[in-house]
Structure formats: C-alpha cells, structure tokens
Amino acid sequence: MTADPSAPPLIRVRDLCRDYGVSRRREGVRGGVVDLLRPRRETLRAVDRVSFDVAPGEMVGYIGANGAGKSTTIKMLTGILTPTSGTVDVGGLVPWRDRGHYTRHIGAVFGQRTQLWWDLAVVESFRLLQKIYEVPDADYRRQLGRLDELLGLGEFLHQPVRKLSLGQRMRCELAAALLHSPRLLFLDEPTIGLDVVAKESVRTFLRDIRESQGTTVLLTTHDLGDIQQLCRRVIIIDRGRVVYDGDLDGLRDRVGDRVELHVELRTPAASADLAADTAGLPVRWREAAGLQHVADFSRRDIRGAEVIKRVVNARPVLDLRVAEQSIEEIVRGIYRRGDAGDLP
Amino acid sequence: MERVSPGPVLLPRREGGLRRRLREPARQASIFVAYFAQFVKSRLAYRVDFLVDMTANLLSLGIQLLVLAALFDKVESLRGWSYDQVLFIYGFSLLPLGLFNLVSVNLYGFSEQYIIEGDFDRILLRPINPLAQILCSSFGTGGLNELVLGGAVTVYAGTRLGLAPGLAGYALLPLLAVSAALVYTGVFLGLTALSFWMEDRLGLAPPVYNVIRFSRYPVTIFSPLVRLLLTFVLPFAWVAFYPAAWYVGGPQWERVALLTPVVGGLTFGLGYLTWVRGVRRYTSTGS
C-alpha cells in the first residue's frame, strides 16, 4: 500500500501556533530578589503558523535543528499539548480535545523514553498494553506474531526490559507502539544512539509496516539516512516555521547538495597543488591538518568519483572519506540562501 | 480499471453508550489488578530485597507498638482512654494507612519523575485515566504489612475490650477504612498536584506526612485548637480516631464516625479537582 497524494488528508494542520511563557532571570543576588518581586515574563513562539496535510499511508520526515519546534508540534499532534491557536484535524478528531478516543488510534515512540515497564519481561509489558488498549486476544496474537516476524523479538521476549541492549529495546518500543494496530505512528528520533545494524533493522521494519499495514508515519530525526531511506517527503521547520515541504531531491537541488571529500595524503602537498590536480572542476580545497585536505563541491555539478580519480592519479593517497551535509547544515543552507519565505 | 475516489478517512470514536460507561470502572479495576500482579511479580524477582524491606518495615511498626506499650506502663490512661482503647485506634489507623501507602509511593516522586523527567507525556498518550496510571505504576509493599498487622492489632484489642460491634459494625469497618484512606489520598493528591504549578520540588508533603502521627491518638487529648485543625483543616482526625472511636468510645461517637465517608469523599474530591486542574494546566503550558 502506498500513499496517494490525491487522497483526502488524514492529518490536516492549519495555522498551528504555540507560545511559551518564559521568565527571564536577572543576574546576581540582587537580580534574584528583583525577580522574586517583579518577574520578567516573555512570550516565546515555539511553533509559528504551521500548516500541512498528511495523506493516509504517507511517511513524512519532520526535521529541524534542536529547538526548532519539532517536539512541540509532535506534542500537539499527539494531544499532549493544547495549541495557542490554529487547528489540527486527524480523521475527524481533535487530538487534545478528543484525547480519550484519539489515543486508541495512535502509537508513539519518543526517543530515549521507554513506554515499557522496566522490571517486567517484555511480553508482560505487552500484555498490560493489550489490556490498556482492549485488544482482543486473537488480534493481539496475530499482531504480535507479525511484529515478532519483522523485528525478531522472540529471543528476548521473556527478558526484563532493563536487561535489553538499546537496539533490542528500540525494537520492543516499536512493537509496543504498534500492538493495538494504530492508524498513525509518531516517532521522535527512532534511531538515535543505535549502531548501524540496529538502525538498519529499524528502518527496514518501518518500511515493512507502512507497506503491510498502511500505517501513516510522522517521524523526527537528526539522521539524514533515516530520511533518505524512509521518507519521500520532508517538512523542515526552523524557528517554529515551515521552511520546506517537499521531496528530498527537491531539497538537495535547493541547497546545492554540498559534499566534502576528506583526503589524507602520503606525502606533504599544499592545497594549491591539489587545486591544480583538479583544475577545471568546480572544487574548493582547504587544508585541514598536516597531510589532510578537504575538497568542497556540489554533487549537482560533478560526481565525487571524478574528484577522487584526479587526486589519486596525481599523488599517493593514504585515505579518503566522503562527508555529506547533516540536516542542520541543510537547514542552515536554506537560510543562507534566503529561501525561508518562498514555500513550495 | 475504474478508479474510485476515496472518501476522507475517519477515525471512529468509541461508542459512548451507557453500558460502556458502566463497564469502565470494572475495566480500570481489572487493569489495576493486572498492574499490581505484575508489580508483585517484578518485586519477587529481587526476593532478598523484598524480604529485607518487609522485615525492616515490620520492625518499625513493632517499635511503634512498643512505644505505645511503654507509654501505658507509666500511665493508667490518656485522658480517660485506656491502653486497649488506644491500641484499637492504633490498629485501626494502620488499615487506611496501609491502603494509602500501597499507592502513595507514586505521589512522593511525582514531581521528579513525571514533571521534571517528562514521563507525564507518556501517561497522556494512553487511553486510561492519568491518575489511575500514576497510582498503579508502583506499589509500596510496606502497606501490606500495615494491613496485616493493623488487622491483627485491631482484632486483638477488640477481643480484650470484649467488643461486639454486631453485623453492621463488622460490615462498616472496611468501608470506614477505605473512606479514611480517601482522606489521606485526597490530602496528598492535592499537595502533589501543586507541582503542576511549581517548578521546584515540593517541600510540603513531608511535614504534612509527619502530622499523620497525631492521628493515631485520641484527638481529645490535644488542645481545642489542634483538635479543630485536625478535624477541619487537615482532616487527619478522620483517618483513625473518629471512625475507631465509634467502636471503643461508645455511641456518642456514632454520628461523627458515620461522617467519615462524607469527609473522605470531600477530601478526595477536592484533591482530585486540584489534580484535574493541574493536568489541564500541564496540557496548556507543556511545562
């Protein structure tokens, strides 16, 4: 099952705003006393007129730097937080108003926070969740079987949660969030802290679950790999505003898709020498440290292989490493180019 | 192939029928039982810890009893209350205290674990009453000691006094104990709920907890002011003395004793109201 963009949206967000009141502390002991008597209150806008639709079965990456307003948005979409203004409609329900009904249709995994019972065996936690969500026995067995097949839970199903590795626990968290077969899944940093293998298994699982159950997924992440492998669509938020909403390729085009090639040489050379090696290619060289140099270019202009070939042919190279831009850099890139106002 | 334009996806609401509403308390109770069973199971995984805890708790209860016995070694009676009468009140006081202690551990750590650490978000994501989830998330096993010992002391003192409370008297005892436990829960729930407004950790609970000690003695031995405070302001006179006095102090206490469920309901109601407002504040400020 794939998302049909022309289908009526499952999630409809319009002009969503959320203000926080913060008290600004004055400095020093005297300031402390003054604060006590006359606190300085300020209003901070964490989410600013955010609007978007998500079609049923879509998997959307919601990204942005720390403090950009990601978590605040997710909290409003899951009904934990009431917005200052604006509307959210998810399948006819208003998350914060209809929380009792709504929570039965959603699953959520919030980063490092566990929703399992620390001292209980995994399967006992699942049993409690079955009771909480009133999942009929037959449905529970079927869904657990499916999740077990995809996530390979069998080996640690009977171990207490506290004894699991982070990767094992994250697999259990995902299973726990999906036991009641929710229509929507909210994931906040689902791969944070995981090693490569665990990351891969989580990504494969999310792809499978979306395809087999048509679950609509909204995920926040700092890992560009998550986005590349999972989401055709990304929404970028910065300082509370949506600065980009579209597919990943469009985003790369927009920011120029910078790549850095780190080169470690066997024999000393100046950056100018390397620039001479790659003469004619739109590459900027700088010296990093000692024998290390960095080439900066855009994947839109040339292929990395071309740069590598030129350098390797010209001089002895010890090591090569290609670094892609992080999401933070991409977001910053959008800002540098002043694209913030022009939304697709 | 014919293409059918799909209609909007609607998430169904649960049917709000009377039958479901009536079933809801039973459902929550069954979840409570399931939580409790799981908790005991997980505690038993640390068998030695569990036994040491239980023994230490039993010892401290034993010492309280010894203090009481030592006191009455010096004096015949406390303002007209005999050793056996005071012992009965003490025994009874352990019943609501035990019930309260079973769930109260969650209230002490509430601010730290749920507000500061942010676990309250997770609570709001589940389709059960948030307070029920909090109260069920852990249990103070010492409460079991208090229930058993309290029952034993009450029966022992009652037998020595030759009490014959009649069928209604026996039947009312658990009701009074539960009502008295509601007084405790209401007071501490209200205090706990304040942490929705205050960022800093709450310092009010421990001093209030210490006041509980007063509730084990006949309030008539205290000055009128303290009596007034314990009756109306911090209504701990109702957690042991007023209900127990009916059994050992004679029929003049009947009316006061029978008000215990009312006071329990009011105190808990007030505490719960504060809690609900706190939760509303939490969801509207997110801090």
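The values are calculated or read from the model by the stated rules, or taken from the named source; none is laboratory data. Just so we're clear, the structure is a prediction, and the values are computed from it rather than from any experiment. All Cβ positions, glycine included, derive from the backbone under ideal geometry; neighbour counts span all protein chains shown.
For region A:44-52, the criterion of being buried (at least 19 other Cβ atoms within 10 Å of the Cβ), within 15 Å of B:Leu11 (Cβ to Cβ) and modelled with pLDDT of 90 or more is met by no residue. Output the qualifying pairs, or none if there are none: Cβ atoms under 6 angstrom, residues six or more apart or on different chains, first residue in region B:121-134 and within 7 Å of another protein chain (Cβ to nearest Cβ), second residue crowded, with 18+ Cβ neighbours inside 10 Å and aliphatic (A, V, I, L, M). Hits for this filter: B:Asp121/A:Ile80; B:Leu124/A:Ile80; B:Leu125/A:Ala108; B:Arg126/A:Ile132; B:Ile128/A:Ile132. The test for being at pLDDT 90 or above and within 20 Å of A:Phe110 (Cβ to Cβ) holds for A:Arg183.
May I ask you to list the residues in region A:254-275 that are on the phi < 0 side of the Ramachandran plot, surrounded by 13 or more Cβ atoms within 10 Å (Cβ to Cβ) and not β-branched (Val, Ile, Thr)?
Step one: list which residues in region A:254-275 are on the phi < 0 side of the Ramachandran plot, which gives A:254-255, A:258-275.
Remaining after also requiring surrounded by 13 or more Cβ atoms within 10 Å (Cβ to Cβ): A:254-255, A:258-265, A:269, A:271, A:273-275.
Listed by number, the residues that qualify are A:Arg254, A:Arg258, A:Glu260, A:Leu261, A:His262, A:Glu264, A:Leu265, A:Ala269, A:Ser271, A:Asp273, A:Leu274, A:Ala275.
Consider region A:1-34 and keep the residues that are modelled with pLDDT of 75 or more and of a type in the set (D, E, K, R). The one that is nearest to A:Arg210 (Cα to Cα) is A:Arg12.
Would you mind stating whether A:Pro9 is part of a loop (DSSP other than H, G, I, E, B), in contact with a Lys or Arg (Cβ under 8 Å, 6 or more places away or on another chain), within 13 Å of chain B (Cβ to nearest Cβ) and not β-branched (Val, Ile, Thr)?
no
One line per residue, one yes/no per condition, for (1) farther than 27 Å from B:Ser30 by Cα; (2) of a type in the set (Gly, Ala, Ser):
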site	(1), (2)
A:Arg141	no, no
A:Leu150	yes, no
A:Glu155	yes, no
A:Ser165	yes, yes
A:Pro182	no, no
A:Asp188	yes, no
A:Ile192	yes, no
A:Val196	yes, no
A:Arg203	yes, no
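Test A:Glu149 against the criterion of being in the same structural domain as A:Gln115 (by TED's automatic domain parsing), crowded, with 19+ Cβ neighbours inside 10 Å and either under 27 Å from the mean Cα position of the chain (by Cα) or closer than 19 Å to A:Thr78 by Cβ (or both), and give yes or no. Spelling it out, it is not the case that A:Glu149 is in the same structural domain as A:Gln115 (by TED's automatic domain parsing), crowded, with 19+ Cβ neighbours inside 10 Å and either under 27 Å from the mean Cα position of the chain (by Cα) or closer than 19 Å to A:Thr78 by Cβ (or both). With respect to the conditions (1) aliphatic (A, V, I, L, M); (2) away from chain B (no Cβ under 12 Å); (3) out of contact with any Pro (no Cβ under 9 Å at 6 or more places or on another chain), A:Leu174 falls short on a single one, namely (3).
Does A:Thr204 qualify as being at pLDDT 85 or above, buried (at least 20 other Cβ atoms within 10 Å of the Cβ) and of a type in the set (S, T, N, Q)?
Considered against the rule, which asks whether it is at pLDDT 85 or above, buried (at least 20 other Cβ atoms within 10 Å of the Cβ) and of a type in the set (S, T, N, Q), A:Thr204 comes out as no.
From the set of residues in region B:21-78 that are in contact with a Gly (Cβ under 9 Å, 6 or more places away or on another chain) and among the polar types (S, T, N, Q), which is nearest to A:Leu128 (Cα to Cα)? Checked region B:21-78; the qualifying residue nearest to A:Leu128 (Cα to Cα) is B:Asn57.
Residues that are among the small types (Gly, Ala, Ser) and away from every other protein chain (no Cβ under 14 Å) within region A:12-56 comprise A:Gly28, A:Gly31, A:Ser51, listed in sequence order.
Determine, yes or no, whether A:Asp245 is modelled with pLDDT of 90 or more, more than 14 Å from chain B (Cβ to nearest Cβ) and farther than 25 Å from A:Thr103 by Cβ. When the stated conditions are applied, A:Asp245 passes them.
For A:Val243, state whether it is assigned to a strand (DSSP E or B) and either under 16 Å from the mean Cα position of the chain (by Cα) or without any contact (Cβ under 8 Å) to a residue 60 or more places away in the chain (or both). Against the criterion (assigned to a strand (DSSP E or B) and either under 16 Å from the mean Cα position of the chain (by Cα) or without any contact (Cβ under 8 Å) to a residue 60 or more places away in the chain (or both)), A:Val243 qualifies.
Checking each residue of region A:61-79 against the condition of being at the interface with another protein chain (Cβ under 8 Å from one of its Cβ atoms) and surrounded by fewer than 20 Cβ atoms within 10 Å (Cβ to Cβ) gives no match. Any residue at all in region B:13-27 that is in contact with a Lys or Arg (Cβ under 6 Å, 6 or more places away or on another chain) and either within 14 Å of chain A (Cβ to nearest Cβ) or at positive phi (or both)? No, that holds for no residue. Restricting attention to region A:120-140, the residues that are more than 8 Å from every other protein chain (Cβ to nearest Cβ), in contact (Cβ under 8 Å) with a residue 24 or more places away in the chain and out of contact with any Cys (no Cβ under 9 Å at 6 or more places or on another chain) total 7. Within region A:157-174, the set of residues being farther than 12 Å from A:Ser125 by Cβ and hydrophobic (A, V, I, L, M, F, W, C) comprises A:Leu166, A:Met170, A:Leu174. Selection over region A:270-299 of residues that are in contact (Cβ under 8 Å) with a residue 40 or more places away in the chain and basic (Lys, Arg) gives a count of 1.
From the list B:Phe88, B:Phe50, B:Phe72, B:Phe39, the lone residue that is in contact with a Ser or Thr (Cβ under 9 Å, 6 or more places away or on another chain), facing chain A (nearest Cβ under 10 Å) and among the hydrophobic types (A, V, I, L, M, F, W, C) is B:Phe39. Scanning region A:82-116 for residues that are more than 10 Å from every other protein chain (Cβ to nearest Cβ), free of Cβ contacts under 8 Å to residues at least 60 places away in the same chain and crowded, with 20+ Cβ neighbours inside 10 Å yields a count of 1.
Inspection of region A:199-206 identifies at least one residue that is in the same structural domain as A:Ser71 (by TED's automatic domain parsing), among the hydroxyl-bearing types (Ser, Thr, Tyr) and part of a helix (DSSP H, G or I).
Do you know which of the residues in region B:103-120 that are more than 12 Å from chain A (Cβ to nearest Cβ) and more than 29 Å from B:Ser60 (Cα to Cα) is surrounded by the fewest Cβ atoms within 10 Å (Cβ to Cβ)? The extreme case among them is B:Ile116.
Need at least 3 residues that are away from chain A (no Cβ under 14 Å) and under 30 Å from B:Pro130 (Cβ atoms) per element, so show me which helices (runs of 4 or more DSSP H) inside region B:224-287 make the cut, counting only ones lying wholly within it.
Helices (runs of 4 or more DSSP H) meeting the threshold: B:260-285.
For B:Ser82, the stated conditions do not hold, so it cannot be described as away from chain A (no Cβ under 11 Å), of a type in the set (Gly, Ala, Ser), surrounded by fewer than 16 Cβ atoms within 10 Å (Cβ to Cβ) and closer than 30 Å to B:Ala245 by Cβ. Being more than 27 Å from the chain's Cα centre (by Cα) and not in a loop (DSSP other than H, G, I, E, B) is the filter here; which residues of region A:12-30 pass it? A:Ser23, A:Arg24, A:Gly28, A:Val29, A:Arg30 - these are the residues of region A:12-30 that are more than 27 Å from the chain's Cα centre (by Cα) and not in a loop (DSSP other than H, G, I, E, B). In the set (1) in contact with a Phe, Trp or Tyr (Cβ under 9 Å, 6 or more places away or on another chain); (2) under 17 Å from B:Phe241 (Cα atoms), the condition left unmet by B:Ala69 is number (2).
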